[in-house]
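Since the structure comes first, as structure tokens, the remarks are kept for the end.
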Amino acid sequence: MKSSKISPEFILIAFGILVAAAIGIFYITYNPVSAPTKISGSDMQTNEQIASYSIGHNIGNQVKAEKEVFKVDLPLLLKGLDDAFNEIDSPLSGEQITEAFEHIQKLSEAKKAKEGEAALALNVAYLAENGKKDGVTTTASGLQYEVITKGSGTEKPLATHQVKTHYHGTLTNGTVFDSSVERGEPITFPVNGVIKGWIEALQLMVVGDKWRLTVPSELAYGAQAQGQIPANSVLIFEVELIEIIK
């Protein structure tokens, strides 16, 4: 799976577009001093008020995620919003902004690298323990599987086939990151169009099989985080092979 690096300029532009949209659609006069410290749903009577609060709340949620990377100066953030609302030009140069975002990006990358190293160590230990369990088979690649239900089929899919499956994917801590079972609808896809661990496992299964797969990070997404999946994560799937489509 290919991924692209998000530049500091892109982050700034995306954030600017979000704020600009808020200004363009719902222009309000913001006064930090008079803003209420607490607010309830009943305080917002119009769609414009509800939308204005929701935009601010969404921006807050996005900025909150950065607290783990650097100390967000909330008064300055609010001042920036206030200046934008009042059409006051930023006192910062493009070079200053670019330098600041490049610095923050480096901090973010360093944090992710440190977390990835810690996750890798934990997951190596997890795989070692899981491989000792009764019924768990470890293949030459490091893939681990356990047969939950043995199917009655005799044919195994090839890499060139499509398959219909039901699956439930979690992290080692039980966090669900994807599940056709929860969506209530099986999914069809080419065998060679998924992660390496699945490609290997599917070609070992027959129709009706239901296996629990423990997929090492190098057979999944490796050091690349994917949505709810942190870097270097071991992934656990319960996979049922429903049909082979040639």
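Only one entry in Gly184, Gly142, Gly222, Gly151 is closer than 21 Å to Ala118 by Cα and more than 19 Å from the chain's Cα centre (by Cα), namely Gly142.
Here the strands (runs of 3 or more DSSP E) wholly within region 162-246 that include at least 3 residues being in contact with a strand residue (DSSP E or B) (Cβ under 8 Å, 6 or more places away or on another chain), in contact (Cβ under 8 Å) with a residue 60 or more places away in the chain and closer than 18 Å to Val147 by Cα are 162-171, 210-215, 235-245.
Leu122: part of a helix (DSSP H, G or I) and either within 23 Å of the chain's Cα centre (by Cα) or hydrophobic (A, V, I, L, M, F, W, C) (or both), yes or no?
Considered against the rule, which asks whether it is part of a helix (DSSP H, G or I) and either within 23 Å of the chain's Cα centre (by Cα) or hydrophobic (A, V, I, L, M, F, W, C) (or both), Leu122 comes out as yes.
Based on what the data block shows, is Ala159 of a type outside the set (D, E, K, R), in contact with a helix residue (DSSP H, G or I) (Cβ under 9 Å, 6 or more places away or on another chain), in contact (Cβ under 8 Å) with a residue 12 or more places away in the chain and closer than 29 Å to Glu109 by Cβ? No, not satisfied. None of Thr214, Thr188, Thr175 is of a type in the set (Val, Ile, Thr) and touching a helix residue (DSSP H, G or I) at 6+ places or on another chain (Cβ under 7 Å) except Thr214. Can you find, within region 53-75, the residue that is surrounded by the fewest Cβ atoms within 10 Å (Cβ to Cβ) among those that are assigned to a helix (DSSP H, G or I) and either at pLDDT 90 or above or β-branched (Val, Ile, Thr) (or both)? Applying the filter and picking the extreme gives Val63. If you go through region 178-191 and keep only what is surrounded by fewer than 16 Cβ atoms within 10 Å (Cβ to Cβ) and on the phi < 0 side of the Ramachandran plot, you end up with Ser179, Val181, Glu182, Arg183, Glu185, Pro186, Ile187, Thr188, Phe189, Pro190. Of the residues making up region 91-102, not a single one is within 28 Å of the chain's Cα centre (by Cα), in a loop (DSSP other than H, G, I, E, B) and without any contact (Cβ under 8 Å) to a residue 60 or more places away in the chain. Scoring Gly169 on the criteria (1) among the small types (Gly, Ala, Ser); (2) under 30 Å from Tyr221 (Cβ atoms); (3) surrounded by fewer than 12 Cβ atoms within 10 Å (Cβ to Cβ) leaves a single failure, condition (3).
Of everything listed in (1) among the acidic types (Asp, Glu); (2) part of a loop (DSSP other than H, G, I, E, B); (3) at pLDDT below 80, the single unmet condition for Glu9 is (2).
The values are calculated or read from the model by the stated rules, or taken from the named source; none is laboratory data. For clarity, every value in this text was computed on a predicted model and none was experimentally measured. Ideal geometry is used to build each Cβ from the backbone, glycine not excepted, and the neighbour counts take in all protein chains shown.
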